[in-house]
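Asker: Okay, handing you the structure first.
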Amino acid sequence: MRDSESSDDAQLDEPLGRVAILSYGSGHMLNDITSSCWFTYLLVFLTDLGLSPGDAATVMLSGQLADGFTTIFVGELMDRFGHFKLWHAGGSILVAISFSSVFGSCVPCKLMGTNSSTLETVGYSTFAAIFNVGWAVTQVAHMSMVNCMSSNPTSRVSLVSCRNAFTMVANLSLYGIALLIFTLLQSVNVLVQYRWIAYVSISLGCCFVVIFLVGTKEPGSIRHCMDKSLSRISWAYWFKKVLYYQVALVYTLTRLVTNVSQAFLAFYVINDLEMDQYSKALVPAIIYICSLIVSVILQETRWSSWRLKLYFSAGAVLWILSGLGIVFLPSRMHNLMYAISTIIGAANALMTVTSISMEGVLVGEDLNGCAFVYGSLSFVDKVSCGVALYVLESYQGSTKIRSNLGTVFGYSVTRLGLGLVPAVCSLLSAIVAYTMDLPDTRRRPLVEPLLA
């Protein structure tokens, strides 16, 4: 029995091959493409339908809260019962079924025979919550698998980096789909256009879910990650670790940087910089192309604890510089936004890959509590992002507040939300990362370079 366990441990410590890493990375494609649509187009879509900015922000907040609370309970259940792929499949089905209704017509309005703004807000908020429950289940299952698939630190970072690379592919795919639909279906109303975007995105994402389920082994088939002979790790164990709070702050601040900037980017390039309409697709496309390139490069890096902190801090500095450029960039020099976009793309990749990898370092070999760690950190992330976007969008929809900000600071809420908020979050996260005492472990290269 001990020989079998030793063999399993040795197998887990071996670097993963390219196929295993790529099949794992494809598993979050459905979540990523729907999430991109959620943050990029939901607020614009709801306001185009006639909801006030405050009501639109309420819909998004309801989804973020549902997502956040679900991650906590799902993480606990996964720690108890395991079966990550089963959770992943169930969450993906829920996402696929509910997402079309988020951008569809108001079902309660049809049933009640009225189109009141209150009922519309409640209807869209309900489907937003259902969608985010499925999204959270899939996310926690997918992230929790990293530490169970391999104990090799470099392979763990490569899994995260590949997942981030597929996130960039998903975002680029969404903008390509949206551009194609907006071009071919110009004569139909906006509701039909967004419905087709949802249908095509779901179909594409589901194809990658199938690839993940077929090509990725359940971690329990390699090693019983949720070994019942091992005592489950209690929540108190993590709450007593200083590193838990440090990683939680870094991860949450990183998510605030990426999500807030994504939500306000379209408003900024059109309203503040007065750029052409196609810039709403071109600017974010540049960001994600640069992120994709950097993410692939990071997969070839030999990782250590100090290098994780160094690369994260480098990404934070790049975002601080980009944020300052966004705040002070005059509309007559709007073409410089394309150059800033390349810097933002690199910064996003550096911060995202390393912050998620820090979660893996935090978990280490404590696999019986990994789902709680990922779930609890995602809870803080989702709630904080939801509240931040709700506050900023509510301010953006208030003429009085917007006017007051213009009088005192001379900048719009959109400009401050896109430039100042991510810059401040990046600065704070870099300070926290600097204070971390990350345990160092032996690093090995991948079996096959992913760029070969």
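Asker: Answer yes or no as to whether G63 is open to solvent by less than 20 Å² (accessible area, probe 1.4 Å), on the phi < 0 side of the Ramachandran plot and not in a helix (DSSP H, G or I).
Answerer: Spelling it out, it is not the case that G63 is open to solvent by less than 20 Å² (accessible area, probe 1.4 Å), on the phi < 0 side of the Ramachandran plot and not in a helix (DSSP H, G or I).
Asker: Let me ask you something else. For the structure I just gave you, tell me whether V133 is of a type in the set (A, V, I, L, M) and open to solvent by less than 10 Å² (accessible area, probe 1.4 Å).
Answerer: So V133 fails the test.
Asker: While we're looking at this one, here's another question. Can you pull out every residue in the range 13-48 that is surrounded by fewer than 20 Cβ atoms within 10 Å (Cβ to Cβ) and modelled with pLDDT under 80?
Answerer: Selection gives D13, E14, P15, G17, R18, V44, T47, D48.
Asker: Within the range 69-82, is there a residue that is open to solvent by 40 Å² or more (accessible area, probe 1.4 Å) and either of a type outside the set (A, V, I, L, M, F, W, C) or at positive phi (or both)?
Answerer: The answer is yes, given that some residue of the range 69-82 is open to solvent by 40 Å² or more (accessible area, probe 1.4 Å) and either of a type outside the set (A, V, I, L, M, F, W, C) or at positive phi (or both).
Asker: From the set of residues in the range 200-212 that are in contact (Cβ under 8 Å) with a residue 60 or more places away in the chain and closer than 16 Å to L179 by Cβ, which is least open to solvent (accessible area, probe 1.4 Å)?
Answerer: Step by step, filter the range 200-212, then rank; the result is S201.
Conditions (1) in contact (Cβ under 8 Å) with a residue 40 or more places away in the chain; (2) open to solvent by 20 Å² or more (accessible area, probe 1.4 Å); (3) of a type in the set (D, E); (4) not assigned by the TED database to the domain that holds L179, marked per residue:
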| position | (1), (2), (3), (4) |
| --- | --- |
| P284 | yes, no, no, yes |
| A314 | no, yes, no, yes |
| G325 | yes, yes, no, yes |
| S331 | yes, yes, no, yes |
| M351 | yes, no, no, yes |
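Asker: Would you call W319 farther than 20 Å from L265 by Cβ and either surrounded by 15 or more Cβ atoms within 10 Å (Cβ to Cβ) or assigned by the TED database to the domain that holds S279 (or both)?
Answerer: Spelling it out, it is not the case that W319 is farther than 20 Å from L265 by Cβ and either surrounded by 15 or more Cβ atoms within 10 Å (Cβ to Cβ) or assigned by the TED database to the domain that holds S279 (or both).
Asker: Looking at (1) assigned to a helix (DSSP H, G or I); (2) open to solvent by 20 Å² or more (accessible area, probe 1.4 Å); (3) polar (S, T, N, Q); (4) at pLDDT below 85, can you tell me which one T342 breaks?
Answerer: (4)
The values are calculated or read from the model by the stated rules, or taken from the named source; none is laboratory data. The model shown is predicted, which means the values in this text are computed figures rather than measured ones. No Cβ is skipped: glycine too gets one built from the backbone with ideal geometry, and neighbour counts run over all protein chains shown. Ligands, DNA and RNA are excluded from the accessible area calculation, which covers all protein heavy atoms including side chains. Shrake-Rupley method; radii C 1.70, N 1.55, O 1.52, S 1.80 Å.
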